[in-house]
Amino acid sequence: MQKEMAYSFPDEVLKHVFSFIQSDKDRNAVSLVCKSWYEIERWCRRKVFIGNCYAVSPRMVIRRFPEVRSIELKGKPHFADFNLVPDGWGGYVLQWIAEMAGAYPWLGEIRLKRMVVTDESLELIAKSFKNFKVLVLFSCEGFSTDGLAAIAASCKNLRELDLRESEVDDLSGHWLAQFPETCTSLVSLNISCLGSDEVSFSALERLVDRCPNLRSLQLNRAVTLDKIANILRRAPQLVDFGTGNYAAELQPDVFSNLAGAFSSCKELKSLSGFWDVVPAYLPALYSICPRLTSLNLSYATIQSPDLIKLVSHCPRLQRLLVLDYVEDSGLEELASSCKDLQELRVFPSDPFGVEPNVSLTEQGLVAVSLGCPKLQSVLYFCRRMSNAALVTIAQNCPNLTRFRLCIIEPKTPDYLTLDPLDAGFGAIVEHCKDLRRLSLSGLLTDHVFEYIGTYGKKLEMLSVAFAGDSDLGLHHVLSGCESLRKLEIRDCPFGDKALLANAAKLETMRSLWMSSCAVSFGACKLLGQKMPKLNVEVIDETEPPDSRPESYPVDKLYIYKSVAGPRFDMPPFVWSMDEAVKILH
Amino acid sequence: MELQLGLALPPPPLIPIETFDLNSYGNYETREALGTNALSWPLLKLGPADNDINNIHHHNSSSSSSSSGGGAGCKKRSFDEAPFFDEKRNVPKTLHLLLWTNQPNDEDDDPSNVLHENSSSAIFKNDGEGLVGWPPVKTWRKKVHHQIPNGGAENNRLPAVENGIGGRASKSTYVKVKMEGVPIARKIDLSVHHSFEGLTNTLMRMFGISDGNRKSFKLTYQDREGDRLLAEDVPWRTFIRSLKCLKLIRSRG
């Protein structure tokens, strides 16, 4: 009887039902119900997310999901953001584009993060996909404005072009003029990363003029303050705006023009940019501040009093990114003005200075935790911390999902007691039951990892640096954190024991990065040999790891699960432990 | 030593690597130790020798009893439980943690030195400019902080830079530029340039070379290994990452 029920729905009905199921997790579950559901589901899956471009091959994806319209790929490990991954490591998108060009003529959306994208790839995208709509290049590199010109020229229905935080070889600003006059479909344009002094501003203005659906526009630093008013008047429907340069000599007519332009944007909720800020121009924003939910001032080198004035006008603020010029006093003001705050990121203005240059301490964060009960996401750079403060923060904000603390000097103890900060971070994981992401810093022993392993049941990503005493620390994490997907470790005394003892765990995770730790080459080989579902890669730029004894620690280690086997595009300084084994035998 | 999986290892290397029963470790239940709220230490039970290892940095673990009720657990003594690791193994102490045997080694090969060297080498890798990738701030954020904080800066101008006393030096983006035939070297800020064109323009201006004469010069650079290379032979990013200093030479012919 039950069998018949499964077959009693025609495929179209099931397809229709499945079309309401968007999340990958749910789709994957659906595909496991029975063979016919697997088949139906795979033919109607339109969106694919691949968290590690080397975990699977393009061919495998195409084979299973023949009708994909939207793909998201991530390449390099997160620590690449901090120059820990050498140039040439990998993450090339070209092969993916080439294969998809043939298989997915209707591909409309490509989102890439930390991948190497060449002009050739961009040209191929422009040529191959007639219905191309969305290109997001997040923290990518390897391309120039020539590639962008190809995209602009060919993609007739382009909706989104977002280059956030990418490194672009900015050859000329004229690529913007390549958008044909017939292109009126842009909804989102983010060129904030471009360095050129010669953004073709007139082309930009005309583009903005003819795109009535433009909701999100992030200019680059080269665009001067006096140009902002022109742009805003052409796009009063903007929801999200990034200024360029926010500096000019104070002139009353420029000011009033700017203030007027901002006030005409009734939908504006999010602001960013603000390079080179002249504080006197900040009041031009006051008319829209009451509506602002997101403010990125992380490039604005303005001092605390000006920041306080601005922030006190924004009672609806949910997201604030700011430099540590805000100081404890600024954060106290934030705590009293912005009760809806969900996300706070405080960046260091002088990350390499030895002495503190601003009065920003743990007190600022404690104040925000007290005043902002909806706080969920924290990224905080500071120079001192105490267990007491961390415990207070944990108790005030049990809803934290992301907590990243960077105490600038490695191994800094609790400044009050000189203890390790184990108890403080322990309180964070204990109280914040939904914590998904955690970054540690300061003086930490194996104890903190015991807490994390015990309480961090929902923890998906953990970043560790200069912490721990022994393999016990790593073992706690690998054996205790059930939801762990990404683990990145640098400069910790973790060696072979914990890794080998928890080898099976690695197959349940997306990836593990360890650099400047104590994992031996022999252990890497062993892992590579015994765990065929893992790619074990050793990175060493100075010499081949097998030119030294096997007990010698490897410089950098990147382990990730993969069904595609070892990759073929490794540079000379990356060794796959699969291959090493093949050579041995 | 053989793994319980029944697979023999290749002939033991010079320094034997500890091998483990992958099955039994993976099954270890940490939960059973959590009968009470007290976060007591015997979550993982270690032999006495490992006790020393855990005190390698002499962190006084007993003082961290400020944790929520986990005080009793934070003492060394609790390590004296039934060993989690096989007692019979030779677990060396403290600094020799990485030296898995008692065989003497060259100092160069001594892995215990290597760990030390690894952490300090991170400092030297960056040519004394500080730890690589620490603090974890993205490259393009570092540039912001070189501004003079009065909001009026149009170009990045770096304040005096060096702090060579083993601490973190301010990240200097200036490199020396020499021109053939000119005795005095200049310095140029790389962080404001993003292409060879821009860089060359600045250099031409700096050395007063007119547009007409531009073609008679070539831009070369010396990389980290000391090799001299033509700047335009490599992609911009490679150039930026590996260059140590620049030189403008007159092109022959």
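What follows is calculated from the coordinates using simple rules that are stated; it is not laboratory data. Because the structure is predicted, anything quoted here is derived from the model rather than measured. Heads up, the Cβs are rebuilt from the backbone with ideal geometry, glycines too, and the neighbour counts pull from every protein chain shown.
Within 10 Å of each residue's Cβ, count the other Cβ atoms and sort B:211, A:414, A:81 from fewest upward. Mind dumping the intermediate values first?
Numbers: B:211 8, A:414 25, A:81 18.
The order, fewest Cβ neighbours first, is B:211, A:81, A:414.
For peptide A:265-274, compute the average count of partner chain beta-carbon atoms within 10 Å of each residue's beta-carbon. Walk me through the numbers on the way to the answer.
Values: counts 0, 0, 0, 0, 0, 0, 0, 0, 0, 1.
Whole-number average of other-chain Cβ neighbours for A:265-274 is 0.
Grab the Cα-Cα distance for residue A:482 and residue A:457, subtract it from 0.36 nm times how many residues apart they are, and report the gain in nm with one decimal.
Values: separation 25, 0.36 × 25 = 9.00 nm, distance 0.55 nm.
Residue separation times 0.36 nm, minus the Cα-Cα distance, leaves 8.5 nm.
List the relative contact order of region A:467-527 as a percent without decimals, with contacts defined as Cα pairs under 8 Å and 6+ residues apart.
Working: 81 pairs, mean separation 24.0, N = 61.
Worked out over region A:467-527, it gives 39 percent.
Quick one: which residues, 5+ away or cross-chain, put their amide H under 5 Å from the amide H of residue B:217? H built at 1.01 Å from N.
Result for residue B:217 returns B:251.
Starting from the Cα gyration tensor of region A:190-302, take the square roots of the eigenvalues, sort them a ≥ b ≥ c, and report rounded, prolate or oblate (rounded when a/c is under 1.5, otherwise prolate if a/b is larger than b/c, else oblate). Kindly include the intermediate steps, with their values, before the conclusion.
Numbers: a/c = 1.29, a/b = 1.08, b/c = 1.19.
The shape class here is rounded.
Calculate how large, on average over all directions, the projected area of the Cα convex hull of region B:174-250 is; give the answer in nm² to one decimal.
Values: hull surface 19.0 nm².
About 4.7 nm², averaged over all directions.
Express the relative contact order of region A:264-423 as a whole percentage, based on alpha carbon pairs under 8 Å and six or more residues apart in sequence.
17
How do B:137, B:182 rank when sorted from fewest to most other Cβ atoms within 10 Å of their own Cβ?
Values: B:137 21, B:182 11.
Fewest to most other Cβ atoms nearby, the residues stand as B:182, B:137.
In nanometres, what is the gap between the two model label sites at residue A:98 and residue B:201, each 7 Å from Cα along Cα-to-Cβ?
A separation of 3.6 nm, rounded to one decimal place.
Lys and Arg at +1, Asp and Glu at -1: add these up for the other residues within a Cβ distance under 15 Å of residue A:98 and post the number. Provide the component values of the computation, followed by the final result.
On the way: positive: A:59, A:127; negative: A:99, A:119, A:120, A:123, A:569.
Summing Lys/Arg as +1 and Asp/Glu as -1 gives -3.
Calculate for chain A the 222 nm mean residue ellipticity that helices alone would give, adding -39,500 (n - 2.57) per DSSP H run of length 4 or more and normalising by residue count, nearest 500 deg cm²/dmol. Mind showing how you got there, number by number?
On the way: 22 runs with 199 residues, N = 585.
About -9500 deg cm²/dmol.
What does the C-alpha gyration tensor say about the overall shape of region A:508-584? Classify as rounded when a/c is under 1.5, otherwise prolate if a/b is larger than b/c, or oblate.
Numbers: a/c = 1.44, a/b = 1.33, b/c = 1.08.
Taking the square roots of the gyration eigenvalues as a ≥ b ≥ c, region A:508-584 is rounded.
Could you estimate the translational diffusion coefficient of region A:370-477 from the Stokes-Einstein equation, with Rh from the Kirkwood formula over C-alpha pairs, at 37 °C and 0.692 mPa s, in whole µm²/s?
It comes out at roughly 245 µm²/s.
If you build the Cα gyration tensor of region A:428-533 and take the root of 5 times each eigenvalue, what three semi-axes come out, in whole angstrom, biggest first? Write down the numbers at each step before the final one.
On the way: eigenvalues 93, 50, 23 Å².
The three semi-axes for region A:428-533 are 22, 16, 11 Å.
Let me check against my output: what whole-number percent is the relative contact order of region A:421-491, with C-alpha pairs under 8 Å and at least 6 apart?
Working: 138 pairs, mean separation 23.9, N = 71.
Computed value for region A:421-491: 34 percent relative contact order.
Near residue A:154, within a Cβ-to-Cβ distance under 11 Å, what is the net charge of the other residues, with Lys and Arg +1 and Asp and Glu -1?
Values: positive: A:127, A:130, A:156; negative: A:123.
Once all neighbours under 11 Å are counted, the net charge is +2.
With labels modelled as points extended 7 Å from the Cα through the Cβ direction, what inter-label distance (nm, one decimal) is found for residue A:541 paired with residue A:67?
4.8
Arrange A:339, A:505 by Cβ neighbour counts within 10 Å, fewest through most, would you? Display every interim value, and only then the final one.
On the way: A:339 13, A:505 21.
Lowest count first: A:339, A:505.
Compute the Cα gyration tensor for region A:80-173, then decide on rounded, prolate or oblate, letting a ≥ b ≥ c be the square roots of its eigenvalues: rounded whenever a/c is under 1.5, prolate when a/b is larger than b/c in the other cases, and oblate in all that remain. Please list the in-between numbers first.
Values: a/c = 1.92, a/b = 1.44, b/c = 1.34.
Prolate, because a/c is 1.5 or more and a/b exceeds b/c.
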